[in-house]
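Everything on this sheet refers to the single structure shown next.
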């Protein structure tokens, strides 16, 4: 192929094609703002010159066809792909907690007081409930599952504590009956004595980060619902917040983590029983009685959360379950729910980003092919850095979760698809006289 | 009319200057009391305090406070503190995700990969075995017992640390009271001269000393005998008399130094080794012994 022709297929439009038409002006004499304007115009031309060409639009379309085809292969090709396996539980927003200091300036949530029950047995837990109740919190919640009877004396003490405190929320686990497909509560031996309870399960397995929760679970054949632990607490503490949470219904709702364990007030149960606590801190508040251990090497009841200091690869669980509940409560009280961009908007953004990049890449592919790969790689890296920042910024500033993974995949694939598209367009040109900016040549 | 905005601005500034910080007692350890309105009471977790309050912290105590429901800070040095003095600790730095992101990307892109093994502390700290009662401080067994009389030169008690600790807590107890130290100090160097606390000790008594990384515990204790001058002089005379025959001055000093070290009179041993090396500067043994003695006991 004639290289000159490849570089200037639309010679009349190219600035260097007619140097005599432009008055020669020494660069050092050009004012600074004109320098900037000149480069801005050049970049604008690089991006938009081929923007409305049918080749750009069809090449972008081919990128999505490839993504669709690769995604539709019924084989799990990621099994042997360590990167895919490592990224399975990866969310770009985790970076903002681990490395960018998100949440560190959130302050203490004074609506919530966590009481550490430690390794206390049932009778001691009963005493802690009574002591907490004496300080008149608006609602108490006990994040403990009781699997069966134990010592009768301890059981009766705890049963009495449950009965006598109508503002106490108990924990249970919802299970789906495989026969009847009915949901029911389980693993709370004192279920019949508790005035209120909610389920504490999260829709994630033990090895995954807890990112979502179900506010309520709806029964299949009736209008009745099973409330989550946090929904039950909010029902007593702030009914408006409960209604808002119930409004999210039986759908996975993203948790907006704002605080680590040390950003909640933690009282030791032993200190509470020994009167070493100023009870006024509990009055009118939410008292969460649960197991707390801030030792990072103790992983009992610890969950992986997006607030983990290590946001990729192998790590240790970082947060006791009660602080996951506390973060949900904080989110509901502050009305800080995360808004998720719908799928159609995510695809639309990917299409727009892919289209712009394709136009830019085709410009270099045709007119400055010698620089194409270098510019394309730099462009991919720069775009990745920019779009990751954009996603983090929107999440931090507007609580808007934008999944830009598809956009990044489109940018990465665009370069390879150009080669395929060129061959396809030339073949179409020969066969059907398809009009294209690509000319037959051999690389 | 133009004066009104200026007045409003001044009023706002005056209001901001007078705004008082509120504190919440988050946690405490040891003996901590709070003074409010001239009434002293025991600290309680969850207690709200104003800037006019004062906290009193006994030795070994620690208190964590939250200022304006945002900034958390800990005080661990014994003393009396007016909370109004903690105004600086109430400032919360706001995080800019964008600025932090730029810093993070730049740091990641400009970081060069280290070969494993080039940084021993970073790569070789993972051991394939359990540990039993190992703490982060190592004290040379030669310092198990030190006899100090005050006659000789000053002498340091030294240790080594397995961690990158900045501060160490030195405590010395009377042998009959291991609960309250007669002297404690936080030091940044890995040694402390005996003269720093000799005034707190009584001649003729034995003491136990320990050192730990600040915030940690170390149950290992070493003995420091503050011997009377008479006892030390008697021991010295006994050593001096154990001569087998004629000795040159350097020889005698070297023998004295060796025997004083063996008798745990380390300050005196140092003096005699120095004398020996000075008396016969050409003797390699005297010089090397003095140098290794100084190295072993961190004498500069």
Quick check: Cα centre of region A:222-292 to Cα centre of region A:328-374, how many Å? 37 Å
Mind checking which of A:405, A:377, A:340 has the largest fluctuation in a GNM of chain A, springs on alpha carbons under 10 Å? A:377
Compute the FRET efficiency between residue A:439 and residue B:22 as 1/(1 + (r/R0)^6), taking r as their Cβ-Cβ distance and R0 = 56 Å, and round to the nearest 0.05. 0.15
With angles folded into 0 to 90 degrees, how steeply does helix A:239-248 sit against the dominant principal axis of chain A? Use alpha carbons for both and round to 10. 50 degrees
Relative contact order, percent, of chain A when contacts are C-alpha pairs under 8 Å separated by at least 6 residues? 22 percent
Angle check, please: helix A:369-398 long axis (alpha carbons) against the longest principal axis of chain A (alpha carbons), in degrees 0 to 90, nearest 10. 30 degrees
Nearest-ten-degree value, helix B:229-241 long axis tilted from longest Cα axis of chain B: 40 degrees
To two decimal places, what compactness ratio does region B:172-300 give when its Cα radius of gyration is scaled by 2.2 N^0.38 Å? 1.24
With a ≥ b ≥ c taken as the square roots of the eigenvalues of the C-alpha gyration tensor of region A:106-337, please select rounded if a/c is under 1.5 and otherwise prolate if a/b is larger than b/c or oblate if it is not? rounded
Binning every alpha carbon pair distance of the protein assembly as shown at 20 Å from zero, what are the percents per bin? 12, 30, 29, 21, 8, 1
Could you tell me the relative contact order of chain B? Use alpha-carbon pairs under 8 Å, at least six residues apart, and round to a whole percent. 11 percent
Using 17 Å as the cut-off for backbone N distance, which residues of region B:265-286 belong to the label zone defined by a point 7 Å from the Cα of residue B:231 along Cα→Cβ? B:265-269
A correct Kirkwood calculation over the Cα atoms of chain A returns a hydrodynamic radius in Å of 26.3 Å
Most fluctuating residue given options A:227, A:137, A:239, as computed from a GNM of chain A linking Cα atoms under 10 Å: A:239
Restricting to chain A, compute how many DSSP beta bridges are antiparallel as a %, nearest 5. 30 percent
Say a paramagnetic label sat at a point 7 Å from the Cα of residue B:129, along Cα to Cβ; which residues of region B:153-186 have their backbone N under 20 Å from it? B:161-163
Between residue A:201 and residue B:248, what is the FRET efficiency for a Förster distance of 60 Å, r being their Cβ-Cβ separation, to the nearest 0.05? 0.10
Inter-site label distance for residue A:339 and residue A:212 at 7 Å from Cα along Cβ, in nm: 2.0 nm
So for chain B, using the alpha carbon gyration tensor with a ≥ b ≥ c as root eigenvalues (a/c under 1.5 gives rounded; past that, a/b versus b/c decides prolate or oblate), I'd call it prolate
Mean shadow of region B:137-226, computed from the convex hull of its alpha carbons, in nm²? 5.5 nm²
How many angstrom separate the Cα center of region A:92-127 from the Cα center of region B:227-300? 61 Å
Sites residue B:31 and residue B:145 - FRET efficiency at Förster radius 25 Å, r taken between beta-carbons, to 0.05: 0.15
Quick check on region A:168-216: take the gyration tensor over C-alpha atoms, sort the square-rooted eigenvalues as a ≥ b ≥ c, and tell me if it's rounded (a/c under 1.5), prolate or oblate. oblate
What distance in nm lies between label points placed 7 Å from Cα along the C-beta direction at residue A:310 and residue A:70? 2.9 nm
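Values in this text are rule-based calculations from the coordinates and carry no lab data. Just so you know, these numbers come straight off a predicted model, no measurement behind them. Counting neighbours? That spans all protein chains shown, and the Cβs are built from the backbone with ideal geometry, glycine included.
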